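Worksheet: one structure, shown below.
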Amino acid sequence: MSEERQNKKNSGVKELVLARLNVMPPNYKLSVGNRGTFTKDELIEHVKKGDETGSQIVNMQMNFIRALTSGKLIETLNQ
């Protein structure tokens with residue numbers, strides 16, 4: 001995959017994650033590994049910066065979306 005195409009893909013994924021975070025309730029908090037617990041606004045800032053914490057947030061959200069769309073999430077919840 002070309003670098004330009006990869007950058008477009010990454011940008012699209014980042015926008016998807018930001019859209020998901022923006023619709024969360026204002027009091028939403030999420031623990032990110034051993035990095036701590038972050039508010040909705042802090043999560044958004046890390047994703048926008050693209051720092052290590054932001055990358056981990058993007059990966060977590062994408063894993064959730066993949067599990068949801070593949071049916072694995074429902075399978076796990078039904079066990």
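Rule-based calculations on the coordinates, nothing more; no lab input. Predicted, not measured: the structure shown is a model, and the values here were computed from it. Note that we place each Cβ from the backbone using ideal geometry, even for glycine, and neighbour counts take in every protein chain shown.
Tabulated data
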read-out	value
Proximal lysine pairs, segment 3-78, alpha carbons under 19 Å, eight or more residues apart or interchain	13
Histogram of C-alpha separations across the chain, 5 Å bin width, %	3, 14, 22, 22, 19, 13, 6, 2, 0
Spin-label model distance (nm) - E4 vs T37, 7 Å beyond Cα toward Cβ	4.6 nm
Taking segment 3-78 and dividing mean pair separation by its residue count, relative contact order in percent (alpha carbons under 8 Å, at least six apart)	23 percent
Within-13-Å neighbourhood charge of D41 [Cβ basis; K, R +1; D, E -1]	+2
Kyte-Doolittle mean at least -1.0, axial Cα span of 18 Å or more - DSSP H helices of the chain	52-70
Sparse-neighbourhood loop sites, chymotrypsin sites (Phe, Trp or Tyr not before Pro) in the chain - DSSP loop, at most 14 other Cβ within 10 angstrom	Y28
